[in-house]
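*Asks:* Got a structure for you, questions after.
The values are calculated or read from the model by the stated rules, or taken from the named source; none is laboratory data. Since this is a predicted model, take the numbers as computed values, not measurements. Because the Cβ atoms are built from the backbone with ideal geometry, glycine has one as well, and the counts that use them run over all protein chains shown. What goes into the accessible areas is simple: the full protein's heavy atoms, side chains included, and nothing from ligands, DNA or RNA. Shrake-Rupley method; radii C 1.70, N 1.55, O 1.52, S 1.80 Å.
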Amino acid sequence: IFCPYYCIPILYLVCYILLLLVLLFSILCSSLVFLIIRRPPRSPLSSSSAASDVYKRQGINAEYGGSQQPQMASPLFEACRTQRHEILRHVPTISFHALERAQTTMEDFTLSYFHWHELEPISVLKYLPVLVYVEGAIYHMDEENEQLTHAGQDPGPDFEFGAWRPLLGVLEDLQLLDARVLAELQSGHKYWQMERSICKRWSEGVRVEQAEVMACSALKSFDYRVLNLLMYKLTSRPYDEQALSFLWIDERLVDINDDLVDYEKDILQNSFNVYRGFVLAHGSEKAQLSLVQVISELEAQLDKAMAELPEARARAYSARQRSAMEHPSAEKWIIPQPIVPEQKFRAAADPKNRGDMSVSSTSSVTSSESVAAEAQSED
């Protein structure tokens, strides 16, 4: 109050400097808080913890079947979630061997399925990272399941592969994991569980009914169905139920044919094989006739569904089928002679016993037409 007039400017300057200091301090504090929030963790988060946030945010519970509605997340939570997803993308989940196997599948998938999406095979390059990662992860889990199956081990239905949660987390992060894709992935998880259980019982000499064998076989091509569903998501197109239903029948026939080709190998490795299941369920005399009946029913369903397809799609499918045939007679079903008993066949295939026993070869084959003719003559 009693300050001389010439001191007033000095007071204004001091106040101004103090104000600048307060402002500078506030900025530094804000930057410090921001740096603390954005700093990466000292140790990587586990894939399970990262994926668990994915499921909570998506409304999917620990069994991946929940129906809770997602809640609004704070900006801080979203920042942490994004950081966790970035870590999740770098979780190693695929072996090189799995990628090699995925390459063969990708070639067949591109040629057999891309025309259903009105895409040329060359366009696979645009979608290759997602498709190869998904198929590679599936094959990696399939390899682990084969090891358990060959050893006759069944950890039970709650067993979970290491690549399972990272795969779901990445798909959710890319906004590709809807209820339909998740259900198809779960069917693959069910297939692996059924394969372990069935093969364990087969190795113990326990009979498995045909209905259970066919239920397991129906799940076998789940990886193709997952990739096909992802193509609808990647191209922003709605699911074509008519095409999906038609391909489901075709996939079942392809799986049966593959099992006929791999019959001997699957016996040696104690792997799931639909024809093997028919032989063990019905015996060598009725197995072929029973399988021919199933094939005939599926082919009738396929012909009926194909007649309802648009002409352009039916032509494209037929063209792909013709190009996939290795030789003119490849369209005929070739059913190997049943191998009974399996223990003798495995012992003969063992290099230690090759000098003592002769392997029951499947060089004698039977076409489904001849088997059907035999069935008609018996009737």
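*Asks:* Just checking, how many residues over region 199-233 are closer than 16 Å to Glu251 by Cβ, touching a Lys or Arg at 6+ places or on another chain (Cβ under 8 Å) and of a type in the set (A, V, I, L, M, F, W, C)?
*Replies:* Final tally of qualifying residues: 3.
*Asks:* OK, next. Considering region 129-164 alone, what residues qualify as being surrounded by fewer than 19 Cβ atoms within 10 Å (Cβ to Cβ), touching a helix residue (DSSP H, G or I) at 6+ places or on another chain (Cβ under 7 Å) and small (Gly, Ala, Ser)?
*Replies:* Matches in region 129-164: Gly152 only.
*Asks:* Additional query: Is at least one residue of region 244-255 open to solvent by 60 Å² or more (accessible area, probe 1.4 Å) and either part of a loop (DSSP other than H, G, I, E, B) or touching a residue at least 40 places away in the same chain (Cβ under 8 Å) (or both)?
*Replies:* yes
*Asks:* Which of the helices (runs of 4 or more DSSP H) contained wholly in region 108-224 include at least 3 residues that are under 28 Å from Gln293 (Cβ atoms) and of a type outside the set (Phe, Trp, Tyr)?
*Replies:* Counting at least 3 such residues, we get 179-203, 210-217.
*Asks:* Shifting gears a bit: Taking region 322-345 as the search range and keeping residues that are part of a helix (DSSP H, G or I) and at pLDDT below 90, which one is farthest from Glu285 (Cα to Cα)?
*Replies:* Ser323
*Asks:* Then there is this: When you scan region 165-173, do you find a residue that is open to solvent by less than 40 Å² (accessible area, probe 1.4 Å), in contact with a Cys (Cβ under 9 Å, 6 or more places away or on another chain) and modelled with pLDDT under 95, even just one?
*Replies:* No, because not a single residue in region 165-173 is open to solvent by less than 40 Å² (accessible area, probe 1.4 Å), in contact with a Cys (Cβ under 9 Å, 6 or more places away or on another chain) and modelled with pLDDT under 95.
*Asks:* Take the residues in region 120-134 that are in contact with a Phe, Trp or Tyr (Cβ under 8 Å, 6 or more places away or on another chain) and not small (Gly, Ala, Ser), then tell me which one is nearest to Leu219 (Cα to Cα).
*Replies:* So, considering only residues that are in contact with a Phe, Trp or Tyr (Cβ under 8 Å, 6 or more places away or on another chain) and not small (Gly, Ala, Ser), the one nearest to Leu219 (Cα to Cα) is Leu131.
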